[in-house]
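What follows is one structure encoded as structure tokens, with my remarks underneath.
The values are calculated or read from the model by the stated rules, or taken from the named source; none is laboratory data. None of these values were measured; they are calculated from a predicted model. Positions of Cβ are backbone-derived with ideal geometry, glycine not excepted, and every protein chain shown enters the neighbour counts.
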């Protein structure tokens, strides 16, 4: 039990009370997760549209790729901001 208390005290000693760096990491993590979810939604809806109207598959595919490109741009912006803030 004493070893556990000492380990908790060591971890607590390293805390400075400044959480801005941690919050930034959470924000940048969400910048990576959000576009991933968005791409999944775009691709899923495109597959549904192609299944319902196969004759419009070419137009749907083109629109899907544009949507994926714009959504992926958000992830790239998030990563660039992380490297700017970390550096």
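Remarks
- Residue within segment 66-79 that is under 11 Å from the mean Cα position of the chain (by Cα) and free of Cβ contacts under 8 Å to residues at least 24 places away in the same chain present: yes
- Qualifying residue in segment 45-56 (condition: in a loop (DSSP other than H, G, I, E, B), at pLDDT 70 or above and more than 25 Å from residue 83 (Cα to Cα)): yes
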